[in-house]
Amino acid sequence: LAQAVLNNASNYFLNFTGTGMLGVYNVTWRANDSRGNAATAVDNFTVTDVRRPNAIILNPANGTSFNQSATINITVNVTDNVNVSVVLANITFPNSTVKTFSMTSIGSDRYQLNFTETSQINQYTIRIFANDTSNNINNTEFVSNITINDTTAPVITPQNCRPDPANISQTVTCNATM
């Protein structure tokens, strides 16, 4: 309950500072004069959330390298003035394929994804998108580039050598698959 303040002969104002929750706030104006006449009028205003969530990639550090087929822990810190609804990791693979993964809340504004699709070698790009319960989406790309190193040794399978046996000074051709 707040008191209105007389601004001049007929204008009153009310500063309302208790707008900590989203929704519609109703203001009821009541006035009476010295002759016992009374009047009531209702006004309202709406408090909305227009602030976008903020996301920061904590792990992996930009430019980090990993071995092929490694599991990569992607951890982000996402803050919002109301509530975070969903956090997504949008990952571009070395072959330009783009996949989106839902991240799991692990508490204290942190979200995590154990990324296991690391069979392609070269650079992956990680972008984080966060959406709050008021449907505000962060508009800044939070990017981390990581590199997957080739750690698989080539497989060599000898096929044959012809002719076998060979004569002295004869050319022999050997084949193999790799």
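For the chain, the Kirkwood estimate of hydrodynamic radius, built from reciprocal distances between every pair of different alpha carbons, is 22.4 Å. Please give the Cα centre distance for segment 153-171 versus segment 7-43, rounded to the nearest Å. The distance from the Cα centre of segment 153-171 to that of segment 7-43 comes to 98 Å. For Val27 and Asn135, FRET efficiency with R0 = 30 Å and r from the beta-carbon atoms, rounded to 0.05? Approximately 0.65, to the nearest 0.05.
The listed residues Cys161, Cys174 rank as Cys174, Cys161 when sorted by accessible area, largest first, using a 1.4 Å probe.
Note that segment 92-178 shows a convex hull volume over its alpha carbon atoms of 146 Å³ per residue.
For the set Met103, Met21, Met178, the ranking by accessible area, highest first and with no ligand, DNA or RNA atoms included, is Met178, Met21, Met103 under a 1.4 Å probe. When the residues Thr17, Thr152 are ordered by accessible surface, computed with a 1.4 Å probe over the protein chains alone, the sequence from largest down reads Thr17, Thr152.
When you count the other C-beta atoms within 10 angstrom of each residue and take the mean per peptide, 26-35, 66-75 line up highest first as 66-75, 26-35.
Take 144-150, 125-131, 115-121 and order them by the average number of nearby Cβ atoms within 10 Å per residue, most first; the result is 125-131, 144-150, 115-121. For Thr118, the amide hydrogen comes within under 5 Å of the amide hydrogens of Ser69, counting only partners 5 or more places away or on other chains and with H modelled in the peptide plane.
The values are calculated or read from the model by the stated rules, or taken from the named source; none is laboratory data. All values reported here derive from a predicted model rather than from experimental measurement. As a convention, Cβ positions derive from the backbone with ideal geometry for all residues, glycine included, and neighbour counts pool all protein chains shown. Protein only, heavy atoms only, side chains kept; ligands, DNA and RNA dropped before computing areas. Shrake-Rupley method; radii C 1.70, N 1.55, O 1.52, S 1.80 Å.
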